[in-house]
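Peer 1: Pasting a structure below so you can have a look.
The values are calculated or read from the model by the stated rules, or taken from the named source; none is laboratory data. Computed from a prediction, not measured in an experiment: that's the story for all the values here. Methodologically, a virtual Cβ is constructed for each residue, glycine included, from the backbone with ideal geometry; neighbour enumeration extends over all protein chains shown. These accessible areas exclude ligands, DNA and RNA; they are computed on the full protein's heavy atoms, side chains included. Shrake-Rupley method; radii C 1.70, N 1.55, O 1.52, S 1.80 Å.
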Amino acid sequence: MDPRRLLTFRAVAHERSFSRAARGLALSQPSVSNQVAALEREVGVRLLAREPGGLRLTPEGEILLEHADVIAERFELARTQLDAAAAGYRMRLRIAGFPTTLAGLIPAAIDRVRADHPAIKVVVDEGASDVEARVRAGELDMAIAFQDSSLPREEPPGLERRDLMRERFMLAMSPDHRLADRPAVALADLRDDDWTAADPDGLIVRACRAAGFEPNLVSLTRDQLAIRALVARGFAVTLAPQLLADAFSEVALRPIAGDSPARDVYVLLPPGGRHPLVEPALAALTALTAELTEP
């Protein structure tokens, strides 16, 4: 199957127009029509149907478009990686992570990699909702993400997921909290306290609901400095992830009695053509998280 014809068909399928696709591809409309017709002869089925309102994908066309989209993404990834190699950026590793990992895990991993690769340069980015697309497109070499362990496992299409750890949460409260001297605290014992959380429907709120109460949220913030200050001064309690234990040393951290909420922390990698320092970085991350989860 001629990849040029396939990508031309993809442009027509997304535009639902030969003329608009031709303008986007900087080709003449007859040339685009001829390429799509040649592709249809090559695969032996109709891919597009002309209707009064415009073009419509046939069922076979919809199937082929899914594959064409994946192929186009891989071409774009290859172009990005080749450009990076030609520009001499192969010692520059681009990593994204959520705020908790930026506070300790990623810097610690970079230190370990730098011991064997002193010339390494690292660009660190706070991951956002588009992090999967950016890894897929080659804009990031790797990204650390997480998901609530109680939810179905996520497998982002077109990427490889490498699990790092199942991160437990602890209760964070002020050192003079009435329950701070207990070796473990049940979530339900904090039903009358004020809470701070990052999301009104996130993991913390879901954990409280599972314990039988709706938390009284007095603060919604992802700023770890603000959360730590609110908890340390007794304005609110919260759940702190294992990775932030050192950063939260000035508050009382107590294990949760009974079932503890957790999240799965993992690395997202592009499907191929990876940066040569991805594997050393992944090995460092794996070793560090293994140390954190040791009894």
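Peer 1: Run the simple label-point estimate for residue 260 and residue 225 please: 7 Å along Cα→C-beta, distance reported in nm.
Peer 2: 2.9
Peer 1: On to the next question. Might you work out the accessible area of residue 14 for me, using a 1.4 Å probe with all protein chains in place, and round it to the nearest 10 Å²?
Peer 2: Answer for residue 14: close to 110 Å² accessible.
Peer 1: Shape of segment 49-170 from its Cα gyration tensor (a ≥ b ≥ c, root eigenvalues): rounded if a/c is under 1.5, otherwise prolate when a/b > b/c, or oblate?
Peer 2: Working: a/c = 3.36, a/b = 1.60, b/c = 2.10.
Oblate.
Peer 1: Right, another one. Give the separation of the Cα centroids, segment 100-129 to segment 189-242, in Å.
Peer 2: The distance from the Cα centre of segment 100-129 to that of segment 189-242 comes to 29 Å.
Peer 1: Taking the Cα centre of segment 118-268 as the origin, how large is its charge dipole in debye, to the nearest 20, when only Lys and Arg (+1) and Asp and Glu (-1) carry charge on their Cβ atoms?
Peer 2: On the way: 18 positive and 26 negative charges, 57 e Å.
That gives a dipole near 280 debye.
Peer 1: If a/c stays under 1.5 just call it rounded; otherwise compare a/b with b/c (prolate if a/b is bigger, oblate if not). Do that for segment 116-251, with a ≥ b ≥ c from the square roots of the Cα gyration tensor eigenvalues.
Peer 2: Prolate is the answer for segment 116-251, as a/c is 1.5 or above and a/b outweighs b/c.
Peer 1: Now for a separate question. Order of 6-13, 188-195 by packing, highest average Cβ count within 10 Å first? Intermediate values should be presented prior to the final figure.
Peer 2: Values: 6-13: 22.0, 188-195: 15.8.
Sorting 6-13, 188-195 by mean packing, highest first, produces 6-13, 188-195.
Peer 1: Dipole of the chain (Lys/Arg Cβ +1, Asp/Glu Cβ -1, origin at the Cα centre): which of 19, 271, 122 lies farthest to the positive side?
Peer 2: About the Cα centre, the residue reaching furthest to the positive side is 19.
Peer 1: Calculate the translational D of segment 1-112 in whole µm² s⁻¹ from Stokes-Einstein, where the hydrodynamic radius comes from the Kirkwood formula applied to all Cα pairs, the temperature is 20 °C and the viscosity 1.002 mPa s. Intermediate results must be reported in sequence, preceding the final value.
Peer 2: Details: Rh = 16.8 Å.
Translational D for this selection: 127 µm²/s.
Peer 1: May I ask you to give the solvent-accessible area per residue for segment 1-148, in square angstrom, as obtained with a 1.4 angstrom probe? Before the final figure, lay out each step's value.
Peer 2: Values: 8130 Å² over 148 residues.
Averaged over the residues of segment 1-148, the accessible area is 55 Å².
Peer 1: Return the percentage of antiparallel bridges among DSSP beta bridges fully within the chain, rounded to the nearest 5 %.
Peer 2: Of the beta bridges lying entirely in the chain, close to 65 percent run antiparallel.
Peer 1: Got a number for carbon plus sulfur as a percent of the chain's accessible area, 1.4 Å probe?
Peer 2: Values: 7940 of 15260 Å².
Reported share for carbon and sulfur atoms: 52 percent.
Peer 1: Another one. Given (i) 21; (ii) 44; (iii) 27, which label gives percent of Cα pairs over 33 Å apart as computed from the coordinates?
Peer 2: (ii)
Peer 1: Right, here's the next one. What angle, in degrees between 0 and 90 and rounded to the nearest 10, separates the Cα long axis of helix 59-86 from the longest principal axis of the Cα atoms of the chain?
Peer 2: Taking Cα atoms only, the helix is inclined about 70 degrees.
Peer 1: Rank 262, 49, 78 by mean-square fluctuation in a GNM of the chain with C-alpha springs under 10 angstrom and give only the top-ranked residue.
Peer 2: Ranking 262, 49, 78 by mean-square fluctuation puts 49 first.
Peer 1: Just name one of 131, 70, 9: the one whose Cα is farthest towards the positive end of the charge dipole of the chain (beta-carbon charges, Lys/Arg +1, Asp/Glu -1).
Peer 2: My answer, from the dipole projection, is 9.
Peer 1: Taking the Cα centre of segment 54-178 as origin, work out the dipole magnitude from +1 charges on Lys and Arg Cβ and -1 charges on Asp and Glu Cβ, in debye rounded to 20. Mind showing how you got there, number by number?
Peer 2: Numbers: 17 positive and 22 negative charges, 109 e Å.
Using Cβ point charges on Lys, Arg, Asp and Glu, segment 54-178 gives about 520 debye.
Peer 1: A further question on this structure: Taking the Cα centre of the chain as origin, work out the dipole magnitude from +1 charges on Lys and Arg Cβ and -1 charges on Asp and Glu Cβ, in debye rounded to 20. Intermediate values should be presented prior to the final figure.
Peer 2: Working: 36 positive and 43 negative charges, 197 e Å.
That gives a dipole near 940 debye.
Peer 1: Specify whether the C-alpha gyration tensor of segment 114-172 places it in the rounded, prolate or oblate class, a ≥ b ≥ c being the square roots of the eigenvalues: rounded for a/c under 1.5, otherwise prolate if a/b is larger than b/c and oblate if not.
Peer 2: Values: a/c = 2.11, a/b = 1.31, b/c = 1.61.
Judged from the Cα gyration tensor, segment 114-172 comes out oblate (a/c at least 1.5, b/c at or above a/b).
Peer 1: Moving on. Most fluctuating residue of 136, 20, 74 in a GNM of the chain with Cα springs under 10 Å: which is it?
Peer 2: Between 136, 20, 74, it is 20 that shows the largest mean-square fluctuation.
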